[in-house]
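The values are calculated or read from the model by the stated rules, or taken from the named source; none is laboratory data. If you're wondering where the values come from, they're calculated on a predicted model, not measured in any experiment. We place every Cβ from the backbone using ideal geometry, glycine too, and count neighbours over all the protein chains shown.
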Amino acid sequence: MKRILSSITDGRGFDIGLVSLPLAFLFVLSGLPLVYNVVMSFQEVDMFSLGSFSRPFVGFKNYIDLFAQPETWPILLNTAIFVTASIAGQFLIGFGLALFFWVNFPGASWLRGLFLVSWVMPGLVVGAIWNWILSGDFGVLNFLLRETGVISGNIFWRSDPNYSLWAVIIANIWLGTSFNMILLSVGLSGIPKDLYEAAELDGANAFQRFWTITLPMMRSTIGAIVALGLIFTLQQFDLFAAITSGGPNNTSNVTQYWAWDLSFRQYDFAKGATISVIMIVFVMFASVVYVRSTRHEVRG
Amino acid sequence: MSIRKYAMLGAFALASVSLPALSASAEDVTISVWSLDRDIQPAPNLIKDFNKMNTGIKVEYRQIQFDDVVSEAMRAYSTGQAPDIIAVDNPEHALFASRGAFLDLSEMIAKSSVVKPENYFKGPLASVTWDGKYYGIPKATNTIALYYNKDMFKAKGLDPNKPPQTWDELVEAARKLTDPAQNVYGITFSAKANEEGTFQFLPWAQMAGGGYDNINAEGAVKALDVWKTIIDEKLASPDTLTRSQWDATGTFNSGNAAMAISGPWEIDRMLAEAKFDWGVALLPVPEAGAERSSAMGDFNWAVFANTEHPEEAFKVLEYFVSQDDRMFKDFGQLPPRSDIAIPATGEPKKDAALQVFVEQLKYAKPRGPHPAWPKISKAIQDAIQAALTGQMSSKEALDQAAEKIKAVLG
């Protein structure tokens, strides 16, 4: 008895106690809803059976119905394009900026801080502003492109099926770049300076130093950022709601917006849940990448 | 023994006589009302006035947000915490009525001296009707018509007192009024991929003999072709596909569009913002003499089926109905009734516009009613957008929509 007591105040019991609290928290607030969501995707749900748990199970019917819909594959493809292009854009520009500020000219840290403003802004506000910038007739972006001679006629970013998805991607890259930049800056400052000194003594040029020192030393940071980027872009909802609402004709629709539309606009909760399950699979994959790339960081 | 029995009976008799009296004076019946009306809109004000009358019924009000009405109501109903009365958007009324979530008010309406079905416009009344019974009372109504810029009509040699009457005239006028050099489009409306797109398109289909259950009718295809002509020839901004009615009419107010299709909710803003002479006309029809039609918006009152006080809830609704003549004067909303003459406001443009809207209301048709309306609406929106972006022909798009709707209607 005494052993158990003392283990709780100091020892394994204490550790288990500490761990079980957040675990219970996670289980109640994330685990249960996740399981509930998966269960819902195998049931027939409408708004009047939302309150009860005993709903008829329909097997894979929701999944089969979903993939029989003509818009499903285009929307999945849109999601893939959106995620890939957003991450690529955010990462490349973010890395470029991080390297730029790493040079450490006067005022660099100030400027870097200012860049974070875009990350602090609520998605809906960003969406509303980009909505104006991208507007076809009076948008600032069209004005700039026209005045610089890049285009001759207005591009209807939000309403032209060829551009609508890219309109949201542009806004999303703007929104996520600073987050990438800050994390990459942290990674860069963690690289010991003597490595570069040694390489310089051996006669490595800037490109070789970047390729053989910076990139390998940043591997875990980059892995974490790409994984986080995948999760953040799969979560991106506000910009779609504010800029295109998934239109025109689903050409800028992605799974996360579609799941919401099905559940809360068409009250087809089962299909909404089904799409969410498909998304969970992708996010799980990203989480594994994230955990693997950051596991070396924890030392104790 | 027997004495005690009699005493019990006596006490019981006494109690049963005195209870109703007691409950009326000592303990008021509480009726809860949910709607999305803000403090300057009808519900909270009518409730305040009602509570002042001390009828033994106390009304509690809760404001809900537009996007939450249905989901909140569902959640409350399925967990047994629904309010007694709710205001619900008219295309969603059937969803609740068909599932028995709303109380059938037919008998109470038949006995009522205040609520009389014959006083209502056909459209709003149809939206509360399910299976021949009344599951609610129309709260307010609105519809769409054609706003036009009289100054621009004059400048382009069109008669400002002869707005376009038919679709052909509308397209022709739009062609004349479009002036890219001045950043002016001929017309503006909303073909957005949400309920607004359906709201704007259905009247066109209905005028030409189509409808939500006959969406690929020849006339409906022609209607969509007219829309496509307008978009393809850039008589309206391509952003029509992603812009709400409110934003679209904003471009009319700023002088960037010469005509606009929208509802009476625009009038006050237009009076404040538009620096030109404008008028309102009935929606153009397919050809002279064709059947008119229009969209019908706004909310209905309904009583939830699991209310404990149906009689009292109905009394509250009767009070709301008795105040319908204040709807426009005090709150700027159109009462859903044909027997109430809307008094002049003294603002000539507003009064002229109102007359047109009241006339247009006679032709307003509800969306549905059908319990799966959101799915039907989605099929129509998808068709509009597929055709206007050129991904399908109007016929193909509407055929596909008809197919989807047939699956929903079963």
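Do you know which of the residues in the stretch A:9-52 that are among the charged types (D, E, K, R) and closer than 30 Å to residue A:271 by Cα is surrounded by the fewest Cβ atoms within 10 Å (Cβ to Cβ)? Residue satisfying both the conditions and the ranking: A:44. Within the stretch B:373-410, restricting attention to residues that are under 17 Å from the mean Cα position of the chain (by Cα) and at the interface with chain A (Cβ under 9 Å from one of its Cβ atoms), the residue that is surrounded by the fewest Cβ atoms within 10 Å (Cβ to Cβ) is B:374. Total residues in the stretch B:284-325 satisfying the condition of being of a type outside the set (Phe, Trp, Tyr) and touching a Leu at 6+ places or on another chain (Cβ under 7 Å): the figure is 9. For the stretch B:114-130, check the following and say yes or no: at least one residue is among the aliphatic types (A, V, I, L, M) and more than 30 Å from residue B:354 (Cβ to Cβ). For the stretch B:114-130, residues among the aliphatic types (A, V, I, L, M) and more than 30 Å from residue B:354 (Cβ to Cβ): absent. For the stretch A:131-153, a residue qualifies if it is within 14 Å of chain B (Cβ to nearest Cβ) and part of a helix (DSSP H, G or I), and the qualifying residues are A:131, A:132, A:133, A:141, A:142, A:143, A:146. When the stretch A:154-170 is filtered for residues that are in contact with a helix residue (DSSP H, G or I) (Cβ under 8 Å, 6 or more places away or on another chain) and within 10 Å of another protein chain (Cβ to nearest Cβ), the ones remaining, listed by number, are A:154, A:155, A:156, A:157, A:158, A:159, A:160, A:167.
Look at the stretch A:92-116: where a residue is within 19 Å of residue A:126 (Cβ to Cβ) and a partner is among the small types (Gly, Ala, Ser), sitting 6+ places away or on another chain with Cβ atoms under 6 Å, you get A:115/A:178; A:116/A:178.
The residues listed here are B:229, B:251; of these, the one that is part of a helix (DSSP H, G or I) and within 13 Å of chain A (Cβ to nearest Cβ) is B:251. Within the stretch A:143-180, restricting attention to residues that are closer than 18 Å to residue B:388 by Cα and of a type in the set (Phe, Trp, Tyr), the residue that is surrounded by the fewest Cβ atoms within 10 Å (Cβ to Cβ) is A:163. I'd like to check something: does the stretch B:168-188 contain any residue that is in contact with a helix residue (DSSP H, G or I) (Cβ under 9 Å, 6 or more places away or on another chain) and assigned to a loop (DSSP other than H, G, I, E, B)? Among the residues of the stretch B:168-188, at least one is in contact with a helix residue (DSSP H, G or I) (Cβ under 9 Å, 6 or more places away or on another chain) and assigned to a loop (DSSP other than H, G, I, E, B), which makes the answer yes. Among the residues of the stretch B:32-89 satisfying the criterion of being among the acidic types (Asp, Glu) and part of a helix (DSSP H, G or I), which is farthest from the other protein chains (Cβ to nearest Cβ)? Only one residue tops the list, namely B:49.
When the criteria are applied in full, residue B:183 fails the requirement of being in the same structural domain as residue B:239 (by TED's automatic domain parsing) and surrounded by 17 or more Cβ atoms within 10 Å (Cβ to Cβ).
Against the criterion of being within 12 Å of another protein chain (Cβ to nearest Cβ) and in contact (Cβ under 8 Å) with a residue 12 or more places away in the chain, residue A:74 qualifies. Filter the stretch B:241-286 down to residues that are farther than 16 Å from residue B:144 by Cα and buried (at least 18 other Cβ atoms within 10 Å of the Cβ), then give me how many there are. Counting residues in the stretch B:241-286 that are farther than 16 Å from residue B:144 by Cα and buried (at least 18 other Cβ atoms within 10 Å of the Cβ) gives 9.
Of everything in the stretch A:53-65 that is surrounded by 13 or more Cβ atoms within 10 Å (Cβ to Cβ) and away from every other protein chain (no Cβ under 14 Å), the residue that is nearest to residue B:100 (Cα to Cα) is A:58.
Residues in the stretch B:341-372 that are in contact (Cβ under 8 Å) with a residue 40 or more places away in the chain and among the aliphatic types (A, V, I, L, M) were compared, and the one that is surrounded by the fewest Cβ atoms within 10 Å (Cβ to Cβ) is B:352.
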